[in-house]
1. Could you check, for the stretch 92-100, whether at least one of its residues is surrounded by fewer than 12 Cβ atoms within 10 Å (Cβ to Cβ) and without any contact (Cβ under 8 Å) to a residue 40 or more places away in the chain?
2. Given (1) out of contact with any Phe, Trp or Tyr (no Cβ under 6 Å at 6 or more places or on another chain); (2) under 30 Å from residue 63 (Cα atoms); (3) of a type in the set (Gly, Ala, Ser), identify the lone condition not met by residue 115.
3. Can you confirm whether residue 84 is among the hydroxyl-bearing types (Ser, Thr, Tyr) and surrounded by 13 or more Cβ atoms within 10 Å (Cβ to Cβ)?
4. If I ask for residues that are surrounded by 11 or more Cβ atoms within 10 Å (Cβ to Cβ) and either in a loop (DSSP other than H, G, I, E, B) or more than 27 Å from the chain's Cα centre (by Cα) (or both), which ones from the stretch 129-151 would you list?
5. Looking at the stretch 43-50, can you tell me whether even one residue there is within 26 Å of residue 171 (Cα to Cα) and touching a residue at least 12 places away in the same chain (Cβ under 8 Å)?
Amino acid sequence: MREETPAGGVRSWPLVRQFTGRDKHALGAAALSATTAALEPRTATADRVVKSICPYCAVGCGQKIYVKDEQVVQVEGDPDSPISRGRLCPKGSATRGLSTSPSRLSKVRYRRPYGTAWEELDLETAMEMIADRVVATREATWEATSNDGKPLNRTMGIASLGGATLDNEENYLMKKLYTALGVVQVENQARL
């Protein structure tokens, strides 16, 4: 015995509507259900749209950030961008998740050597700890000259590996900082 759907029976099923109706390719009414008809795009409810640049790599694709009640509700490619012409790669399309995920860490977390648990630190304390360690490592590993007396002025005790979420400006500033510190091992994994 065949069970029929509560609202309209078998004829209301999308597949049956597609084969029996005029919408043979299911591009319109055949694919529409009561649930999808009631949906509203997140962009329609936005208070404002802010133009931005994707933070994931050095390409600099344009983004339109839709904001409602000071919260990001949607991120789309910016069709006015001469670089991306409204398109975003999978990483750029996930920008909303990056900024609004409930699992996103928003506080500095630190696990002491041989520690078994994370503790939260205020930003100033964490920055002081990093600065102290950079200065100490640079001082301990500084190479002013080579064995034959040629000037080196470098440290091999510090290295940097940048990630895909760094933009051109951040990479530029990091390279300047590391060069000033004498760091020669500077790399970025975001290769295009």
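1. no
2. (2)
3. Numbers: among the hydroxyl-bearing types (Ser, Thr, Tyr): yes; surrounded by 13 or more Cβ atoms within 10 Å (Cβ to Cβ): yes.
Yes; evaluated as a whole, the condition is true for this residue.
4. Once the filter is applied, which keeps residues that are surrounded by 11 or more Cβ atoms within 10 Å (Cβ to Cβ) and either in a loop (DSSP other than H, G, I, E, B) or more than 27 Å from the chain's Cα centre (by Cα) (or both), the stretch 129-151 yields 133, 134, 135, 136, 137, 138, 141, 142, 143.
5. For the stretch 43-50, residues within 26 Å of residue 171 (Cα to Cα) and touching a residue at least 12 places away in the same chain (Cβ under 8 Å): present.
Every read-out reported here was derived from the displayed coordinates using simple, explicitly stated rules and does not represent laboratory data. No experiment lies behind these values; they were computed from the predicted model shown. Backbone-built Cβ (ideal geometry, glycine too); neighbour counts: all protein chains shown.
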